[in-house]
Amino acid sequence: MAATTTENILKETMQRYEEDASDDKSFEELGVDARLIRALLKKGIDKPTPIQRVAIPLILEGKDVVARAKTGSGKTFAYLLPMLQKLFANVDRKKQAPNAFVLVPTRELCQQVYIEVVSLIELCRVQLKVAQLNSNMQASDLRAALTGPPDILISTPACLAKCLFDGVLQPASINATLETLILDEADLLLSYGYENDIKSFTPHVPRSCQCLLMSATSSTDVDKLKKLILHNPFILTLPEVGNNKDDVIPKNVQQFWISCPANDKLLYTLAVLKLELVQKKVLIFTNDIDMSFRLKLFLEKFGIKSAVLNAELPQNSRLHILEEFNAGLFDYLIATDVSQSKEKDEAPKEGKGSRKSRKHKLKLDSEFGVVRGIDFKNVFTVINFDMPRSVAGYVHRIGRTGRAYSSGASISLVSTDEMETLEEVKAFVGDDENKGSNTIVEFPFLTKNAVESLRYRAEVIYHFLFSFTLEEKTCKQP
Ligand code: AMP
């Protein structure tokens, strides 16, 4: 009886909110605080995205929310605005620990969320303190960061677990103070090996704490987290993202592919960029770190300035590169998606110890991820220099463009070996131009003649840089 009633209430509530999502409601009508609305306007944001329209009223009502929100949908503000509004109501209260935790899988995301929160707080002129933790911090740094204590803590689960382990945060204080717990990119948290870290603090989360789970996909991992974290019986899974392709790849992203021999990928990338066949800014994905450096050096010789971003770079450099790219200081960023590389497969399975050993073995930062969550600002074109190895990988990469209300394009360079993945992508998104906008089609603007006109110079430069020809290069590749 009780279950049926709850189900009915849920159904009705869902219907109500689905109707609301299709309305053109303003932030004001959603109940957002006037200070936050003014802050958003200063950022050029004047109307809510669909996920914001659905999630904000629910969160403001104090409900636990599981939001399946695709990357670039505006999900960060969907949880930050109501979280801040809740804190605005009680700025001066005494507390023993932060009132809100935002937990994310990577340090880049920590930094990104931190920047967004601090900027909103500054624009609203409200006295709230935010701390950001990272796993390089010693116990004394963690203690200093948590002195006060701050109102909002942004961290990876591992750093939070470290704080508890080192006695920097007291379980009883968390239990007495925590009001909002947000897990962003929740579907990644377990696959990044944070399960034990999460389990170390969940017993201290008070039952009254509002829990929000933001996730691009629904998976068994998300179900596991729901069971682990959510206390409140009203768990609303928002209908923003379905399983169908129209929901996961924005309609405003045009998808193209180019058939390209594996040993000609540098040449084809050069042709696409040099002939200005794509709109800037451009994010190029490789599966291999060495190749990303080669591509950078190669493009540089043709006057195309780019930067590389990968898990081998020190954290400070990565943050700096991201900031500069987002600020528009350069137009081409070559990111290595290690989740798609062979190195990843060779790495041991997740878990605290294994993360450490992988880091040692590959010198990669396990708290780094380029494909999910990071907000690369104003990327118009995504180029898959290497195809991702799965449709899911493809979808996440394409999600780096066409964010919020902007449009974008993607070009995948596909070698014979990668045709199978392309077929899978085609089966998922479709390849018939007449069927609608959300399909992948052959790139019509690059002719063979145009490519060949660049080949000689490309070969000379490549030989000069790397001392062997493009053909030899393929032989040397693993
Ligand atoms: P997110 O999905 O949270 O990573 O947000 C992606 C991008 O959308 C960020 O650059 C936000 O600044 C931007 N954004 C968030 N909300 C809106 C909105 N309502 N209108 C336009 N852009 C937005």
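The values are calculated or read from the model by the stated rules, or taken from the named source; none is laboratory data. In this text, all values refer to a predicted model and were calculated from it rather than measured experimentally. Note that each Cβ is placed from the backbone with ideal geometry, even for glycine, and that neighbours are counted across all protein chains shown.
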- With respect to the numbered conditions (1) crowded, with 19+ Cβ neighbours inside 10 Å; (2) without any contact (Cβ under 8 Å) to a residue 40 or more places away in the chain, which one is the sole condition not fulfilled by Ala139? (1)
- Message: Suppose the filter is part of a helix (DSSP H, G or I), at pLDDT 85 or above and touching a helix residue (DSSP H, G or I) at 6+ places or on another chain (Cβ under 7 Å); does Leu123 pass it?
- Response: yes
- Determine the pairs where a residue that is within 10 Å of Leu267 (Cα to Cα), located within segment 450-478, has a partner that is of a type in the set (Ser, Thr, Tyr) and at pLDDT 90 or above with Cβ atoms under 7 Å apart, the partner being 6 or more residues away or on another chain. Val451/Tyr268
- Query: Pairs under 9 Å by beta carbon, first residue within 26 Å of Gly72 (Cα to Cα) and touching a residue at least 60 places away in the same chain (Cβ under 8 Å) in segment 250-277, partner β-branched (Val, Ile, Thr) and assigned to a helix (DSSP H, G or I), six or more apart or different chains?
  - Reply: Pro250/Ile398; Val253/Ile398; Gln255/Ile398; Gln255/Val425; Gln255/Val429; Trp257/Val425; Ile258/Val272
- Item | Checking Ile174 against (1) within 27 Å of the chain's Cα centre (by Cα); (2) crowded, with 23+ Cβ neighbours inside 10 Å, the condition it does not meet | (1)
- Query: Can you tell me how many residues in segment 67-104 are in a loop (DSSP other than H, G, I, E, B) and either within 14 Å of the ligand (Cβ to nearest atom) or more than 28 Å from Gln170 (Cα to Cα) (or both)?
  - Reply: 7
- Query: Exactly one of (1) modelled with pLDDT of 90 or more; (2) closer than 28 Å to Asp337 by Cβ is unmet by Leu128. Its number?
  - Reply: (2)
- Item | Selection count where residues are out of contact with any Lys or Arg (no Cβ under 7 Å at 6 or more places or on another chain) and within 15 Å of the ligand (Cβ to nearest atom), scope segment 375-422 | 14
- Item | Residues (polar (S, T, N, Q) and modelled with pLDDT of 90 or more) located in segment 89-111 | Asn99
- Considering (1) buried (at least 20 other Cβ atoms within 10 Å of the Cβ); (2) within 13 Å of the ligand (Cβ to nearest atom), say which one Cys110 fails and leave the rest. (2)
- Item | Inter-residue pairs, beta-carbon under 6 Å, first in the same structural domain as Asn378 (by TED's automatic domain parsing) and in a helix (DSSP H, G or I) and in segment 389-403, second of a type outside the set (Val, Ile, Thr) and within 16 Å of the ligand (Cβ to nearest atom), 6+ apart | His396/Arg372
- Query: If we scan segment 460-469, do we find a residue that is within 19 Å of Thr286 (Cα to Cα), touching a Phe, Trp or Tyr at 6+ places or on another chain (Cβ under 6 Å), at pLDDT 85 or above and not assigned by TED's automatic domain parsing to the domain that holds Pro48?
  - Reply: no
- Query: When both residues are 6+ apart or on different chains and their Cβ atoms are under 7 Å apart, which pairs have a first residue that lies in segment 191-215 and is assigned to a helix (DSSP H, G or I), and a second that is at pLDDT 90 or above and surrounded by fewer than 19 Cβ atoms within 10 Å (Cβ to Cβ)?
  - Reply: Ser200/Leu164; Phe201/Leu164; His204/Pro171; His204/Asn175
- Of the residues in segment 33-55 that are within 11 Å of the ligand (Cβ to nearest atom) and part of a loop (DSSP other than H, G, I, E, B), the one that is nearest to Val126 (Cα to Cα) is Lys43
- Message: I need the full set of residues from segment 359-388 which are assigned to a loop (DSSP other than H, G, I, E, B), over 17 Å from the mean Cα position of the chain (by Cα) and modelled with pLDDT under 85, in order please.
- Response: Lys363, Leu364
- Task: Go through the residues of segment 154-171 one by one and say whether even a single one is assigned to a loop (DSSP other than H, G, I, E, B) and out of contact with any helix residue (DSSP H, G or I) (no Cβ under 9 Å at 6 or more places or on another chain).
- Result: no
- Query: Do the conditions hold for Pro250, that is, is it part of a loop (DSSP other than H, G, I, E, B), in the same structural domain as Gln112 (by TED's automatic domain parsing), modelled with pLDDT under 90 and in contact with a Ser or Thr (Cβ under 9 Å, 6 or more places away or on another chain)?
  - Reply: no
- Task: Give me a count of the residues in segment 286-321 that are in contact (Cβ under 8 Å) with a residue 12 or more places away in the chain and either assigned to a strand (DSSP E or B) or over 29 Å from Ser415 (Cβ atoms) (or both).
- Result: 7
